[in-house]
Amino acid sequence: MILNCVLYGQLTEIFGNNKIAFEVDESVATVGDLRSLIYEKHPRLKGLAFTVAVHDTLVNDELKLKEGIELHLMPPFAGG
Amino acid sequence: MQGGNFHSLHGTPTDSVFNSASKSVHSLQKVFPPLEGDQGVGFRNFIPMKKDIPNCFVEGPIPTDKIARSIEEQQSYTMIGAHDIFLGQVRADNLEQGTVAEIEYTANLTMANAVFHEISESAFTKFELNSVKIYHSLGSVKAGEICLFVFTSSKHRKMAMDACRFVVEEIKEKAPIFGKEKFTTGNHQWKVNT
């Protein structure tokens, strides 16, 4: 399945883009699985926490992934 | 439409647009009830739409005359007895990498506006308020310029002050806004709220 992700802040700098798509197999079933995969494949992210939102709402790592879902990956907030 | 203005009980132009939009949805549903066994043909588009949520972002620094104008706008609402204002200003921090010259703000815009809306709704529930206004900068804001303007109005000072603090703290914690601190040396780092 292909997972489309929108990136923000420092993540856009690390990936050099504000969007990225991950093609994953069935072993990546939840947001938590994707998070682990991203840290594994992109060691530059080490130490940078990020939250995930779907439809403008924060989701936790247990959320099941499905084809077509758009994930927003957001580093720590810095408003104000 | 000028954004950032939430649900003033005394009704400003933005609010009346907001309120009349939700009222018309309500009355349409009464006039045309969904058919039985039908999940509302023709009504599924009546999910509250994003465009009903005001945009609280201002390109660049928040002009100080906008702040003055916001105060003036409230002066005709004479049931208000107290305002509280928070202004966030970009600080020229001296760090190892240099001195902060500006912050470049980006955001998950739709989510941030939805979060501002939720924060303001929740402020209206917790405190006796007449109005809540939130404005946040987007793009580049230089040291010394204003990047956040929160304005709460109430009958009495305690409610206005408590609400203002609540709104600011909630924004810092929950709004998906990102800040790239650019130093005089040309280096940069990503701001993190503590």
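Here are the numbers for this structure:
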read-out	value
Threshold 50 Å² - residues in the stretch B:109-123 whose accessible area is reduced by that much or more when the chain is no longer isolated, probe 1.4 Å	B:M111
Shielded by partner chains, the stretch A:1-46 residues - at least 10 Å² of accessible area, 1.4 Å probe, vs chain alone	A:Y8, A:G9, A:Q10, A:E13
Accessible carbon and sulfur surface of the stretch A:2-74 relative to its total accessible area, %, 1.4 Å	51 percent
Trypsin sites (Lys or Arg not before Pro) within the stretch B:47-135: DSSP coil, no more than 16 neighbouring Cβ in 10 Å	B:R91
Of A:G68, A:G32, A:G47, the one that fluctuates the most in a GNM where chain A has Cα springs shorter than 10 Å	A:G47
Protein accessible area in the stretch B:123-171, 1.4 Å probe - carbon and sulfur %	52 percent
Distance (nanometres) between label positions extended 7 Å along Cα→Cβ at B:N94 and A:R44	3.3 nm
A versus B: buried accessible surface, summed, Å² (probe 1.4 Å, to nearest 100)	1600 Å²
Low-density loop cleavage sites - GluC sites (Glu not before Pro) in the stretch A:1-74, where at most 16 other Cβ are within 10 Å (DSSP)	A:E26, A:E62, A:E67
The stretch B:70-96 residues near the modelled B:K155 label - backbone nitrogen below 19 Å, point 7 Å along Cα→Cβ	B:75-84
Minimum 40 Å² accessible area buried by the other protein chains, the stretch A:47-73 residues, probe 1.4 Å, relative to alone	A:D56
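The values are calculated or read from the model by the stated rules, or taken from the named source; none is laboratory data. On a predicted model such as this, the values are computed, not experimentally measured, just so you know. Note that each Cβ is placed from the backbone with ideal geometry, even for glycine, and that neighbours are counted across all protein chains shown. With ligands, DNA and RNA removed, areas are computed over all heavy atoms of the protein, side chains included. Shrake-Rupley method; radii C 1.70, N 1.55, O 1.52, S 1.80 Å.
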